[in-house]
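Only one structure is covered here, and it is reproduced in the block below.
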Amino acid sequence: MNAVMAVRKQEWPEVGDLVIATVETVIDYGAYVKLDEYDKRGLLHISEISSSWIRNIRDFVRESQKVVLKVLRVDIEKGHIDLSLRRVTKREKIEKIMSWKRERKAETLLRSVAEKAGISLEEVYEKAGAPMEKEYGLYEGFEKVVRDGTGFLTKIGVPEELATTIAEIAKERMRVPMVKVKGVVELRCMKPNGVKIIKEAFLNAKKAEKTREAKLRFYAVAAPKYRIEVMAENYKYAEAVLQRVAENVVSNVAKAGGQGAFRREK
């Protein structure tokens, strides 16, 4: 059992929670399932499997199947958990599965951190995983490390050496979705070679912004308007790049005798 599961083994889900479960036994009146995230068992009664008439229960659930269920009742004293399949919407199912997959990925990353640091998984979870999970969510914590570095980890009490190892593993194993920001520059240059001046202004601005952390794209909207798009790992950095590039383009055109203005687009 992994570190996160070891902690959750003592926990119980709450009424209304969505849970990932594995069908263990299908019977005439429903199915007994194991709650993967809590190491507990529950009952999915036939009345909670489908809103439509059920001729064969195995058309809806079968042994070893992974399902997303909603918690209806929890009796800790008796150890009973009643669950529902029919009350889970399609959107809830998709979101829960995505969340579960992210969580499993984060636990794999935590295991890799333990191996690289040469300490137990339990110790890594205690010193880093638990604080990350509490403040941001475990997977979201790893994403934040990729985007923002280790500063926030040390602020929440993670030892600096361990924070460095977490960052190394996260950057090796994760692909963080990029964000996009954009704006429009309006450029005018009445000189005979005005088109060339504007083209060179963009080329020079791109050369000045030598970075692997951001992707730049320029294209004409309709003269004299041109759009600048910047893709980067976080909005703060993307905004800074966009501002610098736009100012550079406008400045280059102005130096050549033209004029320009920048407008940020939402």
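Derivation of every value follows stated rules applied to the coordinates shown; laboratory data play no part. Since we're looking at a predicted model, the values are computed, not measured. With ideal geometry, Cβ positions are generated from the backbone for all residues, glycine too; neighbour counts draw on all protein chains shown.
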Karplus ³J(HN,Hα) for the stretch 40-48 (6.51 cos²θ - 1.76 cosθ + 1.60, θ = phi - 60°; Hz, whole; x = Gly/Pro) runs 10, 10, x, 10, 9, 6, 4, 5, 10
Using only the Cα atoms of the stretch 91-173, each taken as one equal point scatterer with no solvent, compute I(q) by the Debye sum, divide by I(0), and report log10 of the ratio at q = 0.19 Å⁻¹.
-0.74
Contact order relative to length of the stretch 82-207, as percent, for alpha carbon pairs under 8 angstrom and 6 or more apart:
20 percent
At a threshold of 8 angstrom on Cα-Cα distance, excluding pairs fewer than six apart, so keeping six or more, what relative contact order does the chain reach in percent?
13 percent
How large is the convex hull of the Cα atoms of the chain per residue, expressed in Å³ as a whole number?
173 Å³
When ranked by the protection proxy of mean other Cβ atoms within 10 Å per residue, highest first, what sequence do the peptides 30-40, 11-21 form?
30-40, 11-21
Dipole of the stretch 91-173 [Lys/Arg +1, Asp/Glu -1 at C-beta], most positive-end residue of LEU162, GLY118, GLY149:
GLY149
